[in-house]
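The values are calculated or read from the model by the stated rules, or taken from the named source; none is laboratory data. The structure presented is a predicted model; accordingly, all values stated were derived computationally and were not measured. Quick reminder, even Gly has a Cβ in these numbers, built from the backbone with ideal geometry, and neighbours come from all protein chains shown.
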Amino acid sequence: MTWLAIALGGALGVMGRHALNAAVHVRYSVTFPWGTFAVNALGCFVIGLLAGLLAAARVHIGEFGRAFIFVGILGGFTTFSTFGLDTFTLVKSGAAGSAVANVVGQVVVGLSAVWVGYELGSWRG
């Protein structure tokens, strides 16, 4: 049942991401990826808000609900929010070095993987 919750939440998150991205692109210039920027910022805000509410015991969400919201909806909307929460959690727990390594590693490895993938995909051999 958890997998179904993730799948349904993911579908909602993906649709939300596309809707926000499209709305931003219609309104603003497409010379900068403002849609992606907005999606990532909103996703980070929502995951931070929910994590704070849970930590303060202001809301209670069971395992099924957490899978639906955090993994499904927010994961479909943007995995950048998970990256942000993971990094924040590392800093908050006193592992600042690991947080820096996570940020640098994710960005360097991610961009390198895009570059290698692009080069492989566009190679005409």
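A quick yes/no check of all residues on (1) within 19 Å of PHE70 (Cα to Cα); (2) surrounded by 13 or more Cβ atoms within 10 Å (Cβ to Cβ):
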| residue | (1), (2) |
| --- | --- |
| VAL24 | no, yes |
| PHE32 | no, no |
| ILE47 | yes, yes |
| ALA56 | yes, no |
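So, in the stretch 66-87, exactly how many residues are in contact (Cβ under 8 Å) with a residue 60 or more places away in the chain and either part of a helix (DSSP H, G or I) or more than 10 Å from the chain's Cα centre (by Cα) (or both)?
Count: 10.
Please state which one of ILE61, ILE6 is more than 23 Å from VAL107 (Cβ to Cβ) and either in contact (Cβ under 8 Å) with a residue 60 or more places away in the chain or part of a helix (DSSP H, G or I) (or both).
Matching residue, one of ILE61, ILE6: ILE6.
Quick one: count up the residues across the stretch 104-122 that are in contact (Cβ under 8 Å) with a residue 12 or more places away in the chain and surrounded by fewer than 14 Cβ atoms within 10 Å (Cβ to Cβ).
Adding up the residues that qualify gives 0.
Just to be sure, is ALA11 modelled with pLDDT of 95 or more and either hydrophobic (A, V, I, L, M, F, W, C) or in a helix (DSSP H, G or I) (or both)?
The answer is yes for ALA11.
Is there a residue in the stretch 63-74 that is loosely packed, with under 12 Cβ neighbours inside 10 Å and modelled with pLDDT of 90 or more?
yes
What are the residues in the stretch 75-92 that are under 18 Å from ALA38 (Cα atoms) and loosely packed, with under 15 Cβ neighbours inside 10 Å, if any? Don't jump to the end; show me each part of the working.
Residues of the stretch 75-92 that are under 18 Å from ALA38 (Cα atoms), as a first pass: 75-85.
The answer is THR79, and nothing else.
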